[in-house]
Amino acid sequence: MSNDTTISDIATAEHGTSLWKDAWIRLKKNRLALFGLAVLTLFIIVALLTPWIAPYGYETQDLDLGATPPSAAHWLGTDIFGRDLLTLIMYGGRISLAVGFVATTVALLIGVTYGAIAGYAGGKIDAAMMRLVDILYALPFMIFIVLLMVVFGRNLLLLFLAIGAVEWLTMARIMRSQVQSLRQQEFVEAAVSLGLGPATIIRRHIIPNALGPIIVYTTLTIPSVMLLEAFLSFLGLGVQPPQTSWGLLISYGAETMEEFPWLLIFPGLALSLTLFSLNFLGDGLRDALDVRSSKD
Amino acid sequence: MWRFIGIRLLQAVPVILAVITVTFFLVRMAPGGPFDSEKAVMPEVKAALEAQYRLDLPLPQQYLAYLGDLTKGDLGPSFKYPGRDVNELISAGLPVTAELGIYALLVALFLGGISGVVASLKPNTAQDYIPMSLAMIGICMPAFLFGPLLVLVFGIYLEWLPVAGWGDIPGDKILPSITLGTAYAAYIARLGRAGMLEVMSQDYIRTARAKGLPEWQVVTRHALRGGMIPVVAFLGPAFAGLLTGSFVVETIFQVPGLGRFFVQAAFNRDYTMILGSTVFLSTLIVLFNLLSDILAAWMNPRLRAQFGGR
């Protein structure tokens, strides 16, 4: 008995590590994905350390200086209030990245739970739950988020929730199809015959096995969430001063680009580079984890 | 086929009704009445105003009255611009937005379609990598960044094209259309490439080649129809994206279209205007999703067979 368990433990452990190791080896061959991973890691570290490593204080301004092009004292120049652009981009990045990650986490939690329940329950419950997803898919959410921001004021927490609440639909669909194919398999039947409850089976057996597609789709959701935030902030309906985000900085930059083009170009570069990295990493992970392109 | 269309149409009805209901109650939940901001309004005046806009009735009655107006095609008055109503603003903005959207869609289909097909013909060569890298840039470069950059280069530095406006100066429609179309060109290129790759490996393409058709005829006569199904299915969502994208593009280029009205209404907290335009835009989007679904189904012989043939 004890012998049996150790053998199967070793077997599962080895299988488990080799799968992820395999994926890592395949990912390492993909230069673009590695580049994306490196840029992201750098940006995240910078965002975490910003209060300590930013060259100037967030509220430091030098009105006499005004907007100056990049120089030794201000690497990326200053804006019309004489604030250091690098500092603004670093603080803006904190918000943009936070929106990306938090809203995606919200979407992930809702989508995975909803999809797992629908897929596991099957039958009429599944049909009803997925019908609701179909209906929600048809709703024009962009317009609704604008509406929400107007009705409830422009607050950051609401922005997280609203964006997260929109993006969970595809996650739910992916999770459901994963669960449907997994629950037919022998190890799930074995778990059922051992008398485990549905919640435990979903948590212990189904979600870990569906991790690949979830990770891939999560990586691809973050950039679309960040775009959504930047879009709203650009229109003036997202992040509000005194806070800033890349979208807001781009919007200010676009107003004054004729005289001070660097105010548009550098925040734009930061946003585009992040979106690039996330997309490349997502595509790379898709290949590495061999997820059948079930994007839609 | 008719059954398919019928089912889809029936599905659209509850969606549209849900949109109207949710929007109506959301807007009514907004803190503060629309006339609270004007400070020294006499109570009688306020009462008269509220009666005029039916705010004195209980909420369910307001809702039913609004639904009644909608069936007559009346989207309600504007709070901010007395004497104007939502219908008027929409009929002023819609032609402009439609024109912009059509140009953008043409840009997207032309650029995206060609580069997607070209890339799919020689996968994993330079002919594939170059257009696909450009498509990636198009996806990662949002319109609110791409638009100002285009203005900076072609409008300000090179002075080739006007920087704003719509139909005032010749050439002022070019930059907005390109700005709005580019992101969709990128998506269409990716979808088109994937669709074509899948089709090109199928038996009927081999048959077409075996019977001695030249390669360009294999592509144009046999592969395109199947390979473009994902693109057609994407047109519905793309249309929704074009509408919301026009919020940004119309703001950047000062185009007097629906998108700008909507954003201005959001800023002015013009509740009836938001309500009316949300209902209008949402219905439009739902209908276009429906249309693109039907078109994609019609192009897909398997789906057509499933619903009883033509």
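Can you spot a residue in region A:278-291 that is assigned to a loop (DSSP other than H, G, I, E, B), more than 30 Å from B:Pro230 (Cβ to Cβ), modelled with pLDDT under 85 and β-branched (Val, Ile, Thr)? Taking every residue of region A:278-291 in turn, none turns out to be assigned to a loop (DSSP other than H, G, I, E, B), more than 30 Å from B:Pro230 (Cβ to Cβ), modelled with pLDDT under 85 and β-branched (Val, Ile, Thr). Every condition in (1) within 20 Å of A:Val102 (Cβ to Cβ); (2) outside any helix (DSSP H, G or I) holds for A:Met226 except the one numbered (2). Only residues that are within 10 Å of chain B (Cβ to nearest Cβ) and either open to solvent by 40 Å² or more (accessible area, probe 1.4 Å) or free of Cβ contacts under 8 Å to residues at least 60 places away in the same chain (or both): list them for region A:143-163, please. Of everything in region A:143-163, those that are within 10 Å of chain B (Cβ to nearest Cβ) and either open to solvent by 40 Å² or more (accessible area, probe 1.4 Å) or free of Cβ contacts under 8 Å to residues at least 60 places away in the same chain (or both) turn out to be A:Ile143, A:Phe144, A:Leu147, A:Leu148, A:Val151, A:Phe152, A:Gly153. Of the residues B:Pro256, B:Pro230, B:Pro237, the single one that is open to solvent by 40 Å² or more (accessible area, probe 1.4 Å) and closer than 19 Å to B:Ser177 by Cβ is B:Pro256. Quick check on this structure: which one of B:Val263, B:Val249 is under 18 Å from B:Val86 (Cβ atoms), in a helix (DSSP H, G or I) and either open to solvent by less than 10 Å² (accessible area, probe 1.4 Å) or modelled with pLDDT of 75 or more (or both)? Within the list B:Val263, B:Val249, the selection yields B:Val263. Selection of region A:196-227 for residues being touching a residue at least 12 places away in the same chain (Cβ under 8 Å), more than 13 Å from A:Leu281 (Cα to Cα) and open to solvent by 40 Å² or more (accessible area, probe 1.4 Å) yields A:Pro198, A:Arg204, A:His205, A:Ile207, A:Asn209, A:Ser224, A:Leu227.
Considered as a group, the residues in region A:241-252 that are touching a helix residue (DSSP H, G or I) at 6+ places or on another chain (Cβ under 8 Å) and surrounded by fewer than 23 Cβ atoms within 10 Å (Cβ to Cβ) include one that is farthest from the other protein chains (Cβ to nearest Cβ), and that residue is A:Gln243. Applying the condition of being at the interface with chain A (Cβ under 8 Å from one of its Cβ atoms) and without any contact (Cβ under 8 Å) to a residue 24 or more places away in the chain to region B:130-181 and asking which residue is surrounded by the fewest Cβ atoms within 10 Å (Cβ to Cβ) yields B:Ile156. Screening A:Ser177 on (1) closer than 26 Å to B:Phe234 by Cα; (2) among the polar types (S, T, N, Q); (3) modelled with pLDDT under 80 shows it passes everything except condition (3). Applying the criterion of being out of contact with any Gly (no Cβ under 6 Å at 6 or more places or on another chain) and more than 9 Å from chain B (Cβ to nearest Cβ) to the residues of region A:256-265, the residue that is least open to solvent (accessible area, probe 1.4 Å) is A:Thr256.
The set of residues from region A:116-142 being within 14 Å of another protein chain (Cβ to nearest Cβ), surrounded by fewer than 17 Cβ atoms within 10 Å (Cβ to Cβ) and of a type in the set (Val, Ile, Thr) comprises just one member, A:Ile135. Just the residues that are within 11 Å of chain A (Cβ to nearest Cβ) and touching a residue at least 40 places away in the same chain (Cβ under 8 Å), please, taken from region B:259-277. Residues satisfying the conditions are B:Gly259, B:Arg260, B:Ala265, B:Asn268, B:Arg269, B:Asp270, B:Tyr271, B:Met273, B:Ile274, B:Leu275, B:Ser277.
The values are calculated or read from the model by the stated rules, or taken from the named source; none is laboratory data. Just so it is clear, the structure is predicted and the values come from calculations on it, not from any experiment. Methodologically, a virtual Cβ is constructed for each residue, glycine included, from the backbone with ideal geometry; neighbour enumeration extends over all protein chains shown. Protein only, heavy atoms only, side chains kept; ligands, DNA and RNA dropped before computing areas. Shrake-Rupley method; radii C 1.70, N 1.55, O 1.52, S 1.80 Å.
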